[in-house]
C-alpha cells in the first residue's frame, strides 16, 4: 500500500524480505493448523486497517504536531471503544486499585507512548520498513510464553523466528552494504 499511496519504492529485495518475514509468521504461529477462515479474515482485515492508518499518519505528519496527532488517535480510539462497550454485552466492572492501575498503564504508557513512538518512527523511515519491523512483536510474545509460561519451544517456532528475523534484516538493510 505504501508503494502506491506514498510512492515508496517496492524493490525485489524488499518483496523477498516481506514474503520471508510473512512466511516466518505463518510458521511461527502455526496458522497452517488453525483452519478457522473467519479468524484469518479478521487478522487480515486488521492488518489492512493498520497499514491504512500508517499511510494516513505518514501523510499528516508534516501538517500537524506529533503530539496533536497522537492525541487525536487516542480520542478516536477511545470513542470506538466506548461505542463497542455500549453495544456489546460486558461483564461487571471491577474498580479495584489493581484494575484502575492496569487501565491507567494501558491508556497512558502502552497506548499513548506507543502511538507517539510509532508516529516518530513513521516520520523518520519508510512506512513499509517500519511495518515489517513490527513483526518482531509476535516473536517477543512467543518467547515470553516459552520463558514465563513454560510453553514448548518447537522446531517450527525456531524456524519461524529465524525466517522473521531474516525477512526483517533483508528489508531493513535494503541496498546498504553489510
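The values are calculated or read from the model by the stated rules, or taken from the named source; none is laboratory data. If you're wondering where the values come from, they're calculated on a predicted model, not measured in any experiment. Neighbour counts run over all protein chains shown; Cβ positions are idealised from the backbone, glycine included.
See the values below:
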| read-out | value |
| --- | --- |
| Out of 98, 152, sole residue that is exposed (fewer than 10 other Cβ atoms within 10 Å of the Cβ), at pLDDT 85 or above and not in a helix (DSSP H, G or I) | 152 |
| Among (1) surrounded by 16 or more Cβ atoms within 10 Å (Cβ to Cβ); (2) within 23 Å of residue 17 (Cβ to Cβ), the one test that residue 124 misses | (1) |
| Where residue 69 falls short, out of the listed (1) over 29 Å from residue 22 (Cα atoms); (2) free of Cβ contacts under 8 Å to residues at least 12 places away in the same chain; (3) surrounded by 10 or more Cβ atoms within 10 Å (Cβ to Cβ) | (2) |
| Every residue from the stretch 53-63 that is surrounded by 11 or more Cβ atoms within 10 Å (Cβ to Cβ) and either over 17 Å from residue 121 (Cβ atoms) or touching a residue at least 60 places away in the same chain (Cβ under 8 Å) (or both) | 54, 55, 57, 58, 61 |
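Listed here are the residues, each with its yes/no results for (1) assigned to a helix (DSSP H, G or I); (2) modelled with pLDDT of 85 or more.
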residue	(1), (2)
41	yes, no
56	yes, no
72	yes, no
75	yes, no
80	yes, no
93	no, no
121	yes, yes
137	yes, yes
141	yes, yes
